[in-house]
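The next block holds one structure in the form of structure tokens; read it before the comments.
Each reported figure results from applying straightforward, stated rules to the coordinates on display, with no laboratory input. Just so it is clear, the model here is predicted, and its values are computed rather than measured. Positions of Cβ are generated from backbone atoms using ideal geometry, with glycine treated the same way; all protein chains shown enter the neighbour counts.
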Amino acid sequence: MKLAFLGLGVMGYPMAGHLAKAGHEVTVYNRTAAKAEAWAKEHGGRSRGSPAEAAEGAAIVFMCVGNDNDVREVGTGPKGALAGMARGAVLVDHTTASADVARELYAAAQAKGVGFLDAPVSGGQAGAVNGRLTVMVGGDEAPFRTAEPAMRHYGQAVTLMGPSGSGQLTKMVNQILLAGLIQGLSEGINFAMRVGLDARKAVDVIAKGAAQSWQLENRAPTMIEGKFDFGFAVDWMRKDLGICLAEARRRNAALPVTALVDQFYERVQERGGGRWDTSALIHLLAKA
Ligand SMILES: NC(=O)c1ccc[n+]([C@@H]2O[C@H](COP(=O)([O-])OP(=O)(O)OC[C@H]3O[C@@H](n4cnc5c(N)ncnc54)[C@H](OP(=O)(O)O)[C@@H]3O)[C@@H](O)[C@H]2O)c1
């Protein structure tokens, strides 16, 4: 298929790579052109100077950029993807953004006869590189059926959750769960160390019981070592929690722990940890 991928960051670069490796004809765009050229050289695809140019003639256009404003610029801006897309094509947004911006793009796409899916992902850089992401999708069934086989090249679980915005709402649930979980993990590991336990041994045995989690298995060892210079950045997490808290306020859904953990992340940012992994919450306890 003729495909386009817009935004070749930590996530987009390997995701677009999976599409090319699967034999699709992929045209890419990246704001910093050097990255798009490097991608095209590595994967044999073409790069273009604007989202609209890259999207021209593509049956499906994927994008993975930063926040709501970036989604608007790359999706519906004067040189945005929709400006280059033909009727019947599908635009898939993998950015973690608000449900409002998803519905906004859905309406703009509909007016052009283009399908739109909000499809944020979970699984981090490793999931993108290994092609094992979870993809939570909102939108209509027909464009989902068109785009699902392509998304399977990097998604181990690709699920249509409901109407436009439902993918983003599901990702919010994911981030709410993570916030409480990582704070709990930080407190548990810090406690283990303070009371003189061998924290590694404690984590090993606990990982076989009811408190097991991906975060425990994958992040506890580096939390014990105090290593945070990798992974999912605190700055991104604060953007995501801001989206969750705004949605919750409007819907009258209480998020007391999430709101508190968001303040803790703000303190990590104040310590210069904006690019640290989200597991850096333990840093606040370790230095207390
Ligand atoms: N990293 C993770 O572990 C992870 C996991 C799940 C979800 N996500 C979400 O996935 C999205 C991307 O994350 P990432 O880690 O790939 O971020 P990233 O490495 O910072 O990449 C962002 C990409 O978007 C482009 N971009 C941003 N704003 C733009 C704009 N206004 N116009 C054109 N291009 C723009 C950037 O271009 P330049 O190269 O020019 O900067 C870059 O290619 C975010 O919404 C993030 O929350 C990330």
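Listed values, structure above:
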| quantity | calculated |
| --- | --- |
| Residue of Asp277, Asp235, Asp204 that the Gaussian network model of the chain assigns the largest fluctuation, springs spanning Cα pairs under 10 Å | Asp204 |
| Convex hull (Cα only) mean projected area of region 1-130, reported in nm² to one decimal | 6.8 |
| Sorted peptide list for 59-66, 41-48, 116-123, criterion being average Cβ within 10 angstrom, highest first | 116-123, 59-66, 41-48 |
| Size of region 21-83 as Cα extents on the principal axes (Å, biggest first) | 30, 24, 17 |
| Over region 233-288 - Rg/Rh using Cα atoms and the Kirkwood inverse-distance radius | 1.02 |
| Restraint check, Lys112/Lys171; Lys41/Lys239; Lys21/Lys208; Lys201/Lys239; Lys79/Lys239; Lys2/Lys112, Cα-Cα greater than 29 Å | Lys41/Lys239; Lys21/Lys208; Lys201/Lys239 |
| Average projection area in nm² (convex hull over Cα atoms of region 144-204, one quarter of hull surface) | 5.9 |
| Per residue Cα convex hull volume in Å³ - calculated over region 192-231 | 62 |
| Over region 95-162: Kirkwood hydrodynamic radius from C-alpha pairwise inverse distances, Å | 12.3 |
| Euclidean distance between Cα centres, region 233-288 to region 124-139, Å | 22 |
| Histogram of C-alpha separations across the chain, 10 Å bin width, % | 7, 28, 32, 21, 10, 2, 0 |
| Most fluctuating residue given options Ser98, Ser213, Ser164, as computed from a GNM of the chain linking Cα atoms under 10 Å | Ser213 |
| Long-range tail of P(r) for region 187-288 (Cα pairs > 23 Å, %) | 34 |
| Principal semi-axes in Å for region 103-258 [√(5λ), Cα gyration tensor, largest first] | 35, 19, 12 |
